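Only the coordinates and a few stated rules stand behind these numbers; no lab work does. Every value quoted in this text rests on a predicted model; they were computed, and no experiment measured them. FYI the Cβ positions are ideal-geometry reconstructions off the backbone, even for glycines, and counts take in every protein chain you see.
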């Protein structure tokens, strides 16, 4: 595994994957996709009980790397289909991950970065984080991530309703409905105490969601 994906344990039974391309705003390259898939498989088999995904530097993830996008024009339809299937496999792996997942969004999460952030079970963002599928401005349709977004939005609304003990809630598919209140400490929360609080809050949230479902 290359150094564009960092793996560490910020707290007991917590594994963190950090996208480490700060000079490219952690853009997703084909190499990074491969590393993420290997990293996710490693976490799945490890004793860790919680997965955190975050980015190095000031951005979470700016979407697909521009150089990788330029390469698409010179590739065959079969190659482009294979690339799309690989990207879809990455998103599906995050979406179906068997352990609780947290996106610690430390900055902009754009295009595929929005997809990666919102596919996690919980999305914690700093106040100045930005989200959006800006690729539509240049003619790209966020087809892969949109499929998961529609599914995830309803589930996120249900969890939020359970956490806040709401009796009624609106399943509207809004992106912001999938985000918990911005957490200023996410950007530099790398101490054991900070991550302990974060994980404790996650476990409490899961308990509340379970109680809500059983009501």
Query raised in the report: residue 55: more than 20 Å from residue 124 (Cα to Cα) and under 16 Å from the mean Cα position of the chain (by Cα), yes or no?
Result: no
Query raised in the report: Which condition number does residue 15 fail, the rest of (1) touching a residue at least 40 places away in the same chain (Cβ under 8 Å); (2) surrounded by 20 or more Cβ atoms within 10 Å (Cβ to Cβ) being met?
Result: (1)
Query raised in the report: Restricting to segment 100-123, what's the tally of residues that are in contact with a helix residue (DSSP H, G or I) (Cβ under 7 Å, 6 or more places away or on another chain) and part of a loop (DSSP other than H, G, I, E, B)?
Result: 4
